[in-house]
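Structure, as structure tokens:
The values are calculated or read from the model by the stated rules, or taken from the named source; none is laboratory data. Model, not experiment: these values are computed from the prediction. Cβ atoms come from the backbone with ideal geometry, glycine included; neighbour counts cover every protein chain shown.
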Amino acid sequence: MYFRSCFDSKLAQFSYIVGCQRTGEAIVIDPARDISQYHEIAKAEGLRITAATETHIHADFVSGARQLAQHDVQLYLSDEGGNDWTYQYEMPQKIVLLKDGDTFYVGNIRFDVLHTPGHTPEHISFVVTDEGGGSSVPMGIFTGDFVFVGDVGRPDLLEKAAGVQGTAESGAHSMYQSLSRFRELPDYLQVWPGHGAGSACGKSLGAVPMTTVGYEKINNWALKIDNEDQFVQELLSGQPEPPTYFAVMKRVNKRGPELVDETEQIPKLTHGGQDHVIIDTRSAKAYQAGFKKGTLNLPYNKSFANWSGWLLPYDQDLVLIAYEDQIEDILKTLHSIGVDRIAGYLDAEKVSFTEQYPEIDAMTLQEHLNKNDVYLIDVRNQSEWDAGHIEGAHHIMLGTLEDQLEQVPKDKKIVMQCQSGARSSIATSLMKRAGFEQVYNLNGGYQGWKKADKPVVQS
């Protein structure tokens, strides 16, 4: 049996290729939208992709299942969860719908289906047995967003991101019951999860790429709690804010994503139009030193997909300011979360950057706070704010900032602050784009403020 995991660090997402080396057939589990990687791997290994499956209707990235189906690939998709959670693809001849207890084969590799609701009602997992290799016992289980390394899938996304009321608590109870089935699996079974550390689909995912059932029984907090009400309370508490684009992804993946041109190239422009949203993908340091008025700074790094999903519109054309050698990767990242309306790009090496914004240090900030002549905005997550914040700060999480600009005064200096200064630099660019002139970024963020020697407030 051939096994290969593929990890997208910007989405903290795992997909997998499993192949039968005797028949040359292979399946992709939880495919990303960029399917070229799977065809390249299969070709290098002398395999052909004949099937694809996914554990559930994803909310954090665009699935590549429908894209693969265009290449004569058989899809195996969940038929659990009720009518509200069924797929609506217009390719019934290429889809096999799966129920709990079903079995299918790819070559001589057996896949047994377990219905494991909790993260979503339709969620299924796959227990894999390499019968072609002579085994009569399973090797592992693809758990998707059911069980992670050290954590389990959050059940509140449908309610918080998609607005399906009442599903968070019912999902938590379903998760508890699904974990009862997980406990019955053999300890030696390997566990191949759908996400690693950095994903918003859980609150404490481990960075190790795989685990075992036995290890999780001992170490996973969710498997240590044997009281259902206590488990539900613990699972629902402390979950991070879900990006707003999750609701879009859930709808897109349910109906079937638009097919993308895998050879697409966007035009190189000399300027952006008035109707374009212009995104500067350079680093925060480069942007602070010089930027184009009216642009939003989203540095192309590991957080790019997350903040693009939070802050970019799906119904407007975008123009990118980027270095030419990064354009292809930036496009793939944007496509991975369904941001497809890219009108073109401006070469960052040739754009004239005439604007700048100032930074402020902790000492100066405290002096202004003492005089009450600044408006400090903390753009961190709720859990970070709860763990400690600067007295006098106003909490507006970065992802919701644009919707709450009316409450920000325009007659004061405004200071943007996060944990280290990265998110607040994005927030500063957002404020400047919105027309706020006196905007400063706190250098070093909350961490720098805590370490600095600050003046004492005079009584």
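When the stretch 224-250 is examined, which residues are found to be free of Cβ contacts under 8 Å to residues at least 60 places away in the same chain and not acidic (Asp, Glu)? Explain how you work it out, then say what you get.
Initially, the stretch 224-250 is screened for residues free of Cβ contacts under 8 Å to residues at least 60 places away in the same chain, giving 224-231, 233-234, 237.
Result: Lys224, Ile225, Asn227, Gln230, Phe231, Gln233, Ser237.
Restricted to the stretch 241-253, and to residues there that are within 18 Å of Gln165 (Cβ to Cβ) and in a helix (DSSP H, G or I), the residue that is farthest from the chain's Cα centre (by Cα) is Arg251.
Let's see how each residue does on (1) among the aliphatic types (A, V, I, L, M); (2) at positive phi; (3) surrounded by 23 or more Cβ atoms within 10 Å (Cβ to Cβ):
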site: Ser15; (1), (2), (3): no, no, yes
site: Thr23; (1), (2), (3): no, no, no
site: Ala26; (1), (2), (3): yes, no, yes
site: Val62; (1), (2), (3): yes, no, yes
site: Ala69; (1), (2), (3): yes, no, no
site: Gln88; (1), (2), (3): no, no, no
site: Val96; (1), (2), (3): yes, no, no
site: Val106; (1), (2), (3): yes, no, yes
site: Arg110; (1), (2), (3): no, no, no
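Checking Thr270 against (1) surrounded by 20 or more Cβ atoms within 10 Å (Cβ to Cβ); (2) polar (S, T, N, Q); (3) at pLDDT below 95: exactly one of these is not met. Which one? Going through (1) surrounded by 20 or more Cβ atoms within 10 Å (Cβ to Cβ); (2) polar (S, T, N, Q); (3) at pLDDT below 95 one by one, Thr270 breaks only (1). Every residue in the stretch 435-459 that is over 17 Å from Ile390 (Cα atoms) and either outside any loop (DSSP other than H, G, I, E, B) or within 26 Å of the chain's Cα centre (by Cα) (or both), please. Of everything in the stretch 435-459, just one residue is over 17 Å from Ile390 (Cα atoms) and either outside any loop (DSSP other than H, G, I, E, B) or within 26 Å of the chain's Cα centre (by Cα) (or both), namely Val439.
Would you mind stating whether Asp411 is closer than 23 Å to Lys293 by Cα, surrounded by fewer than 20 Cβ atoms within 10 Å (Cβ to Cβ) and either under 31 Å from the mean Cα position of the chain (by Cα) or of a type in the set (Lys, Arg) (or both)? When the stated conditions are applied, Asp411 does not pass them.
Once the stretch 115-131 is narrowed to residues that are among the β-branched types (Val, Ile, Thr) and surrounded by fewer than 22 Cβ atoms within 10 Å (Cβ to Cβ), the residue that is farthest from Ser174 (Cα to Cα) is Thr129. Looking at the stretch 30-40, is at least one residue touching a Leu at 6+ places or on another chain (Cβ under 7 Å) and either more than 22 Å from Tyr87 (Cα to Cα) or assigned to a helix (DSSP H, G or I) (or both)? There is no residue in the stretch 30-40 that is touching a Leu at 6+ places or on another chain (Cβ under 7 Å) and either more than 22 Å from Tyr87 (Cα to Cα) or assigned to a helix (DSSP H, G or I) (or both). Across the stretch 155-178, not a single residue is classified as in contact (Cβ under 8 Å) with a residue 24 or more places away in the chain, under 22 Å from Tyr16 (Cα atoms) and of a type in the set (A, V, I, L, M, F, W, C). For the stretch 116-142, the set of residues classified as over 29 Å from Ala200 (Cβ atoms) and either of a type in the set (D, E, K, R) or not assigned by TED's automatic domain parsing to the domain that holds Ile57 (or both) consists of Asp130, Glu131, listed by residue number. Going by the structure shown, is Val374 assigned by TED's automatic domain parsing to the domain that holds Met397, buried (at least 18 other Cβ atoms within 10 Å of the Cβ) and touching a Ser or Thr at 6+ places or on another chain (Cβ under 8 Å)? Against the criterion (assigned by TED's automatic domain parsing to the domain that holds Met397, buried (at least 18 other Cβ atoms within 10 Å of the Cβ) and touching a Ser or Thr at 6+ places or on another chain (Cβ under 8 Å)), Val374 does not qualify. Filter the stretch 194-231 down to residues that are surrounded by 17 or more Cβ atoms within 10 Å (Cβ to Cβ), under 26 Å from Ala59 (Cβ atoms) and of a type in the set (Ser, Thr, Tyr), then give me how many there are. The qualifying residues number 2.
Please go through the stretch 132-142 and give me each residue that is in a loop (DSSP other than H, G, I, E, B) and surrounded by fewer than 17 Cβ atoms within 10 Å (Cβ to Cβ), ordered by number.
Of the stretch 132-142, the ones in a loop (DSSP other than H, G, I, E, B) are 134-139.
Correct list: Gly134, Ser135, Ser136, Val137.
Starting from residues that are among the aromatic types (Phe, Trp, Tyr) and assigned to a loop (DSSP other than H, G, I, E, B), keep the ones in the stretch 143-193 and report whichever is surrounded by the fewest Cβ atoms within 10 Å (Cβ to Cβ). Break it down stepwise before answering.
Of the stretch 143-193, the ones among the aromatic types (Phe, Trp, Tyr) are 146, 148, 176, 182, 188, 192.
Checking the rest, the ones that are also assigned to a loop (DSSP other than H, G, I, E, B) come to 146, 188.
Values: Phe146: 28, Tyr188: 12.
Going through the qualifying residues, I end up with Tyr188.
I'd like to verify a number: residues in the stretch 45-89 that are within 22 Å of the chain's Cα centre (by Cα), hydrophobic (A, V, I, L, M, F, W, C) and not in a strand (DSSP E or B), how many?
To start, the set of residues in the stretch 45-89 that are within 22 Å of the chain's Cα centre (by Cα) comprises 52-68, 77-78, 85, 87.
From what is left, the residues that are hydrophobic (A, V, I, L, M, F, W, C) are 52, 57, 59, 61-62, 65, 68, 77, 85.
Checking which are not in a strand (DSSP E or B) leaves us with 57, 59, 61-62, 65, 68, 85.
Residues flagged as within 22 Å of the chain's Cα centre (by Cα), hydrophobic (A, V, I, L, M, F, W, C) and not in a strand (DSSP E or B) within the stretch 45-89 amount to 7.
If you check Phe353, Phe291, which single one turns out to be over 18 Å from Tyr245 (Cα atoms), out of contact with any Pro (no Cβ under 8 Å at 6 or more places or on another chain) and buried (at least 20 other Cβ atoms within 10 Å of the Cβ)?
Working: Phe353 fails: buried (at least 20 other Cβ atoms within 10 Å of the Cβ).
Result of the check over Phe353, Phe291: Phe291.
Output yes when any residue across the stretch 91-100 is more than 26 Å from Thr23 (Cβ to Cβ), modelled with pLDDT of 95 or more and under 20 Å from the mean Cα position of the chain (by Cα), and no when none is. No, the stretch 91-100 contains no residue that is more than 26 Å from Thr23 (Cβ to Cβ), modelled with pLDDT of 95 or more and under 20 Å from the mean Cα position of the chain (by Cα).
Per the listing Arg22, Arg33, Arg48, the residue uniquely within 28 Å of Gly202 (Cβ to Cβ) and in the same structural domain as Ala69 (by TED's automatic domain parsing) is Arg33.
When restricted to residues that are acidic (Asp, Glu) and modelled with pLDDT under 95, the stretch 302-328 contains 2.
Based on what the data block shows, is Ser425 in a helix (DSSP H, G or I), of a type in the set (S, T, N, Q) and touching a Ser or Thr at 6+ places or on another chain (Cβ under 8 Å)? So Ser425 does not fit the description; no. Which numbered condition trips up Glu402, out of (1) outside any loop (DSSP other than H, G, I, E, B); (2) among the acidic types (Asp, Glu); (3) without any contact (Cβ under 8 Å) to a residue 60 or more places away in the chain? Glu402 satisfies all of (1) outside any loop (DSSP other than H, G, I, E, B); (2) among the acidic types (Asp, Glu); (3) without any contact (Cβ under 8 Å) to a residue 60 or more places away in the chain except (3).
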